[in-house]
1. Take the range 60-69 and flag every residue that is open to solvent by 40 Å² or more (accessible area, probe 1.4 Å) and either under 16 Å from I13 (Cβ atoms) or within 13 Å of the chain's Cα centre (by Cα) (or both).
2. Working only within the range 32-43, note down all residues that are open to solvent by less than 20 Å² (accessible area, probe 1.4 Å) and farther than 17 Å from I80 by Cα.
3. So if I check each of E53, E47, E8, which one is open to solvent by 80 Å² or more (accessible area, probe 1.4 Å), at negative phi and out of contact with any Phe, Trp or Tyr (no Cβ under 7 Å at 6 or more places or on another chain)?
4. If you scan the range 12-31, which residues turn out to be under 18 Å from E82 (Cβ atoms) and surrounded by fewer than 16 Cβ atoms within 10 Å (Cβ to Cβ)?
Amino acid sequence: MTSEQVFENVKRIFLEDLDLNLVESDLDETVPLFEGGLALDSVVAVELIGFVEKRFGIELSEEVLRMDAFKDLRSVVQLIQEQLTVRQSA
């Protein structure tokens, strides 16, 4: 899966699965997910993790669930791609 495909799937999660009342123009790769950006809270962060795991068929271990992995959409996409690579090589 290309980074563009992963990004589009992540955007779908934000627009369709999470109850955030966002429009597509709210989402670019660099928009902060927490302070100064989308202002997500911890409940939405947990929901996001669940939707990512379900949509991409991956399991995000505690070791990879770092705040810097959820800094912005680009970092989420990078985390997903890393986990997809790990899954494929297993």
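The values are calculated or read from the model by the stated rules, or taken from the named source; none is laboratory data. Everything numeric here is computed off the predicted structure, so don't read it as measured data. Positions of Cβ are backbone-derived with ideal geometry, glycine not excepted, and every protein chain shown enters the neighbour counts. What goes into the accessible areas is simple: the full protein's heavy atoms, side chains included, and nothing from ligands, DNA or RNA. Shrake-Rupley method; radii C 1.70, N 1.55, O 1.52, S 1.80 Å.
1. Across the range 60-69, the qualifying residues are L65, R66, M67, D68.
2. Passing the criteria: only L40.
3. E47 is the lone residue from the list that is open to solvent by 80 Å² or more (accessible area, probe 1.4 Å), at negative phi and out of contact with any Phe, Trp or Tyr (no Cβ under 7 Å at 6 or more places or on another chain).
4. E29, the sole residue that qualifies.
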